[in-house]
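**Student:** Below you will find the structure I want to go over with you.
The values are calculated or read from the model by the stated rules, or taken from the named source; none is laboratory data. Just so it is clear, the model here is predicted, and its values are computed rather than measured. Reconstructed Cβ throughout: ideal geometry from the backbone, glycine too, with neighbour counts over all protein chains shown. Please note that ligands, DNA and RNA were not included when accessible areas were found on the heavy atoms of the full protein model with its side chains. Shrake-Rupley method; radii C 1.70, N 1.55, O 1.52, S 1.80 Å.
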Amino acid sequence: MARQFFVGGNFKMNPGSVEQKKNIIDILNQADLDPSTEVVIAPPALYLIPLKGLVRKEIQLAAQNCYFKTSGAFTGEISPTQLVDAGIPYVILGTFLPPAAPRYAKTYSIPSGHSERRTLFHETSEFVGNKTKAALDASLKVILCVGETLAEREARKTTEVVNAQLQAVVDILKDTAYWRYVLPDVPGSTRTQVPLCSNIVIAYEPVWAIGTGKVATAVQAQDAHAEIRQFLKTRVSESVAETTRVIYGGSVTAANCKELATQPDVDGFLVGGASLKPEFVNIINAMK
Ligand code: PEP
């Protein structure tokens, strides 16, 4: 089954001015974009709503984070339901390693998230896990980041680390309907069954490649993606493995995207730095 190519732009806390932001949006609005690629941009939360009105309608918006409660005294946070209310369909989150899970605790004491959130903001595994579940509960789609550090790769632990990160998600969701079917209950619409895998895009983001200019080779990316698909096949189901998009993130540029995109298990990209530049258009059009 063909998986739709997916390109996300993670603007992080950029750009620094409204004028720069306008330039990026103008470029995207005027560009000849491959209509068969799903495109999502994730600006800082403050700009989600204004950009939704400014960017062409084929480009969807993602929040860079969300909290796991619906509402309450949580200063500075945004809830998944508030994002849905604002018409934002996606959120970027990381996977997590439950500190309480004995089989992971020995090897991995540091929990994960988007690597910048776990290293800079010390997010715990349980916290990110709750956010993942809350986001799916609210019908947000999740871009789920996984990936190993350089030390873990050099110790040949990439598959072990990524599988543990994925297993932690499966563990928290396994008693729910997420890995089977959800029944969206939208007033006025017909109730249909939707496989959960369409609500999760897995982003393989080796920590050593994020923001470093050091991109994984096409072979390294393909190997890691194939392992992720194998994990989904054995631990979830063959159909989830077949249909879930696994995208690559880490120093993707116009110069390296085409070769990465030719790999059979690379279904797109999560782009940081280059999503703020005109070359983002070339990355969106990598399959053209
Ligand atoms: C990211 O932060 O998700 C990312 C992939 O960043 P960069 O493309 O700058 O490495």
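**Student:** Quick check on the range 37-47: of everything there that is within 16 Å of the ligand (Cβ to nearest atom) and open to solvent by less than 20 Å² (accessible area, probe 1.4 Å), which residue is nearest to residue 281 (Cα to Cα)?
**Tutor:** Among those residues, the one meeting the criterion is 39.
Condition check ((1) open to solvent by less than 10 Å² (accessible area, probe 1.4 Å); (2) within 16 Å of the ligand (Cβ to nearest atom); (3) in a loop (DSSP other than H, G, I, E, B)) across all residues:
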{"position": "233", "(1), (2), (3)": "no, no, no"}
{"position": "241", "(1), (2), (3)": "yes, no, no"}
{"position": "247", "(1), (2), (3)": "yes, yes, no"}
{"position": "255", "(1), (2), (3)": "no, yes, no"}
{"position": "260", "(1), (2), (3)": "yes, yes, no"}
{"position": "270", "(1), (2), (3)": "yes, yes, no"}
{"position": "275", "(1), (2), (3)": "yes, yes, no"}
{"position": "278", "(1), (2), (3)": "no, yes, yes"}
{"position": "283", "(1), (2), (3)": "yes, yes, no"}
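Residues are listed down the side, and each one gets a yes or a no for (1) farther than 19 Å from residue 277 by Cβ; (2) open to solvent by 10 Å² or more (accessible area, probe 1.4 Å):
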residue	(1), (2)
12	no, yes
27	no, yes
49	yes, yes
62	no, no
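**Student:** For residue 86, only one of the following conditions fails: (1) in contact with a helix residue (DSSP H, G or I) (Cβ under 8 Å, 6 or more places away or on another chain); (2) within 16 Å of the ligand (Cβ to nearest atom); (3) under 28 Å from residue 130 (Cα atoms). What is its number?
**Tutor:** Only one criterion is unmet by residue 86, namely (2).
Matching residues to (1) assigned to a loop (DSSP other than H, G, I, E, B); (2) among the aliphatic types (A, V, I, L, M); (3) within 16 Å of the ligand (Cβ to nearest atom); (4) over 20 Å from the mean Cα position of the chain (by Cα):
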{"position": "19", "(1), (2), (3), (4)": "no, no, no, yes"}
{"position": "35", "(1), (2), (3), (4)": "yes, no, no, yes"}
{"position": "53", "(1), (2), (3), (4)": "no, no, no, yes"}
{"position": "66", "(1), (2), (3), (4)": "yes, no, no, no"}
{"position": "73", "(1), (2), (3), (4)": "yes, yes, no, yes"}
{"position": "77", "(1), (2), (3), (4)": "yes, no, no, no"}
